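Comments concern the structure below.
Just so you know, all these numbers are worked out from the coordinates, no wet-lab data involved. Note that the structure is a prediction, hence the values are computed from the model and not measured. Don't worry about glycine lacking a Cβ; one is built from the backbone with ideal geometry, like all the others, and counts go over all protein chains shown.
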Amino acid sequence: MGRIVAVNFVSLDGVMQAPLSSEEDRDGGFTAGGWAAATNDDIVDEVMQKATISAAGMLLGRRTYDIFAEAWSQANAADPAIAAMNRMRKYVVTQSTSELEWINSQRIGGELVASVRKLRESGNGKLVVFGSSQLLQALAKNDLIDAYTLLLYPVILGSGKRLFTNDNHRRNFILSDSLISPTGVAILTYQRSADS
């Protein structure tokens, strides 16, 4: 059976919207885009590279998929993380019928929870979820996240898309790894608890 691992940048107040670029996502009038980029350092880069290279595939919402495809599908494949992203299967949850042009991309159709459960049960590696706030919230609500790697930034943004919503129910996780980067980013990995 595969595992679904969420890897996300998040502010102290739980915002995950547009961490790397001001143009990523302006939904809701969000003006703080790019809030994580200035605090990134070599440790953050290494963690993200490892998360990418170790994945068997990516599970993405359509908006994140489009952002990633534009940024990475034609980027320098000499970079191991970019080569891994191009090689791995990209499962895209979308209602859109427009073509998925990035190599090794596959639409996830049908009912979301059943489709993702089937994908997880048939896999044998780690599916990583980057960004994809709506998808991530639906997966959390339906208890489909096996682990979280959260890169917690020392910033409060006040508004924006949240990692968790109020309709989630209790799940227990155990801290399995932690690291503080030189710029103060707390990198926290939580695994699902056996009693959850």
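With the crude spin-label approximation of a point 7 Å out along Cα→Cβ, what separation in nm comes out for Ser178 versus Gln95?
In this crude label model, Ser178 to Gln95 measures out at 4.1 nm.
Kindly rank 14-20, 37-43 from highest to lowest mean number of other beta carbons found within 10 Å of each residue.
The most tightly packed comes first, giving 14-20, 37-43.
Which of the GluC sites (Glu not before Pro) found in region 7-100 are loop residues per DSSP with 16 or fewer other Cβ atoms within 10 Å of their Cβ?
Passing sites in region 7-100 are Glu23, Glu99.
If you take the beta carbon distance between Arg170 and Thr31 as r and set R0 to 35 Å, what does 1/(1 + (r/R0)^6) give as a FRET efficiency, to the nearest 0.05?
0.55
Taking the C-alpha atoms of region 92-172, how large are the radius of gyration and the largest Cα-Cα span, Dmax, in Å?
Just the Cα atoms of region 92-172 yield Rg and Dmax of 14.5, 40 Å.
Restricting the count to DSSP beta bridges whose residues both fall in the chain, what percent are antiparallel, rounded to a multiple of 5?
Rounded to the nearest five, the antiparallel share is 40 percent.
For Gln134 and Ala78, what does the FRET efficiency come to when R0 = 45 Å and r is the distance between their Cβ atoms, rounded to the nearest 0.05?
The pair Gln134/Ala78 has a calculated efficiency of 0.85.
Considering the options Gly109, Ala78, Thr94, tell which one lies farthest towards the positive end of the dipole of region 1-115, charges being +1 on Lys and Arg and -1 on Asp and Glu at the Cβ, about the Cα centre.
Selected residue: Gly109.
Nearest 20 debye, what's the magnitude of the dipole of the chain about its Cα centre given +1 on Lys and Arg Cβ and -1 on Asp and Glu Cβ?
Once rounded to the nearest 20, the dipole reads 720 debye.
Would you mind computing Rg(Cα) / (2.2 N^0.38 Å) for region 60-196, counting N as its residues?
That ratio works out to 1.14.
Mind pulling the per residue volume of the convex hull built on the Cα atoms of region 1-51? Å³ is fine.
115 Å³
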